[in-house]
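Structure record follows, encoded as C-alpha cells.
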Amino acid sequence: MSWWGMEGLEAKARTVEDRVALIAGAGFDGINGFLPSPEEEDRWRRLLERYGLSFSVNAYPKTAEDMERFLLRAKEFGQVQHVNVQVMTPFLVDESAVGLLRELVRLSREKGIPAYIETHRGTITQDLLRTVGYLEQLESLRLTIDLSHYVVAGEMHTESEEAEILFGKLLQRTSAFHGRVSNGEQVQIDVGPNGEHPMMRRFERWWGDGMRLWKASAVQGDVLPFVVELGPPPYAITVDEAAGRTNEISDRWQQSLLFLRTARRLWSETE
C-alpha cells in the first residue's frame, strides 16, 4: 500500500500507528513510502517488524550525486526492499538523459539496493517514445510500470495498436507496478465497486502481461512489488475542488482494497 495513498483517510486511521495497523489488517504485504527522518527511524523499524511488512521508498533525484546520497541513507536505514525513482529532469533528453540513467543503474548495483525508474509524467520518462529509446540503449534499465501517466498524457481512451507495441516494450522491463487506472482524460478514476469501468480490463491485461514477462526471467528469491497507489486530491477527483479539494467522489480506501484483490487474482492467474 502506498503511504502517500493514505493521506486524507484520517477518519479511518489518524496516527502513523493506526495507519500501519490498518494496512496490515487489510492484508497488504508491505508499504511503499518515504525514508523516515532520523528521529522516526526506530519507530518505523518497530512498526514494520511488528506487522511483518516489507518497506520500499521513493526517491526524487536530479543528479547522480542526489541518488548516491539517497542510496547511502537507504542502506543505513537497512530495511529497504527497493527504491522507486522519479528522475526529476523532464527536459533532459538524448545522450544526457541516457548518461544519467546509466549512472543511476550503476549506483543501484554498486550500493546493492534495487532501484527502478518509474514511468511518470513530469520526469525523465514523461514521454513514451523517449522512454522506449532509453530501454533500447540501456539493457539493464528496469522500470516501475505506471501506465496511467502515458494513458492520460496520450489521451488513450481508445485502443491503439501503436501504443500496445510500445507498452509491450516497457512491460518487458517490469520490476514493479504502481496500480492506478486512467480513462485517458483523468489520471486516476473510480473504476466502480467491482472494477466495472471498461478501462479496468485494459489495465488488468497490461498488469497481467507484465507479471508473466517478469516471471519468465525471475529466479528464486526475486520479488515483484505491486503498489496500490490511489493518491489523495488532486489525484483523486473531487466535487468541490475550488472550495478546498476535500470531498472525493469515491471511497479511495475501498478502491484500494479492490486493487489489492485484483493484483492477487492476476498473479494467481499466471501460475
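Quick note: the coordinates plus some simple rules give every number you see, no bench work behind them. A quick note: this is a predicted structure, and the numbers were derived from the prediction, not measured. Cβ: placed from backbone, ideal geometry, glycine included. Neighbour counts: every protein chain shown.
Among residues of region 148-160 that are in contact (Cβ under 8 Å) with a residue 24 or more places away in the chain and farther than 12 Å from LEU128 by Cβ, those with a beta-carbon under 7 Å from a residue that is surrounded by 13 or more Cβ atoms within 10 Å (Cβ to Cβ) and among the aliphatic types (A, V, I, L, M) at least six positions away or on a different chain give the pairs SER148/VAL181; SER148/VAL187.
May I ask you to say which residue of LEU72, LEU48 is surrounded by fewer than 20 Cβ atoms within 10 Å (Cβ to Cβ), without any contact (Cβ under 8 Å) to a residue 60 or more places away in the chain and under 21 Å from the mean Cα position of the chain (by Cα)?
Details: LEU72 fails: under 21 Å from the mean Cα position of the chain (by Cα).
Being surrounded by fewer than 20 Cβ atoms within 10 Å (Cβ to Cβ), without any contact (Cβ under 8 Å) to a residue 60 or more places away in the chain and under 21 Å from the mean Cα position of the chain (by Cα) holds for just one of LEU72, LEU48, which is LEU48.
Take the conditions (1) in contact (Cβ under 8 Å) with a residue 12 or more places away in the chain; (2) more than 21 Å from PHE177 (Cβ to Cβ); (3) assigned to a helix (DSSP H, G or I); THR89 misses just one of them, which is (3). Among the residues of region 30-47, are any more than 23 Å from THR119 (Cβ to Cβ), touching a strand residue (DSSP E or B) at 6+ places or on another chain (Cβ under 7 Å) and not in a helix (DSSP H, G or I)? No.
Within region 130-172, take every residue that is part of a loop (DSSP other than H, G, I, E, B) and touching a strand residue (DSSP E or B) at 6+ places or on another chain (Cβ under 6 Å) and give me the one that is farthest from PHE226 (Cα to Cα).
That would be ARG142.
Set side by side, the residues ALA263, ALA236 differ, and just one is surrounded by 15 or more Cβ atoms within 10 Å (Cβ to Cβ) and not in a helix (DSSP H, G or I), which is ALA236. Here are some conditions: (1) within 22 Å of the chain's Cα centre (by Cα); (2) over 26 Å from LEU171 (Cα atoms). ILE249 meets all but one. Which one does it not meet? Only one criterion in (1) within 22 Å of the chain's Cα centre (by Cα); (2) over 26 Å from LEU171 (Cα atoms) is unmet by ILE249, namely (1). Would you call SER175 crowded, with 21+ Cβ neighbours inside 10 Å, among the polar types (S, T, N, Q) and touching a strand residue (DSSP E or B) at 6+ places or on another chain (Cβ under 9 Å)? Yes; evaluated as a whole, the condition is true for this residue. For region 97-129, a residue qualifies if it is over 22 Å from ALA163 (Cα atoms) and part of a loop (DSSP other than H, G, I, E, B), and the qualifying residues are GLY112, ILE113, PRO114.
Among the residues in region 103-110, are any touching a strand residue (DSSP E or B) at 6+ places or on another chain (Cβ under 6 Å) and either crowded, with 19+ Cβ neighbours inside 10 Å or of a type in the set (Phe, Trp, Tyr) (or both)? Looking for residues that are touching a strand residue (DSSP E or B) at 6+ places or on another chain (Cβ under 6 Å) and either crowded, with 19+ Cβ neighbours inside 10 Å or of a type in the set (Phe, Trp, Tyr) (or both), one finds at least one in region 103-110, hence yes.
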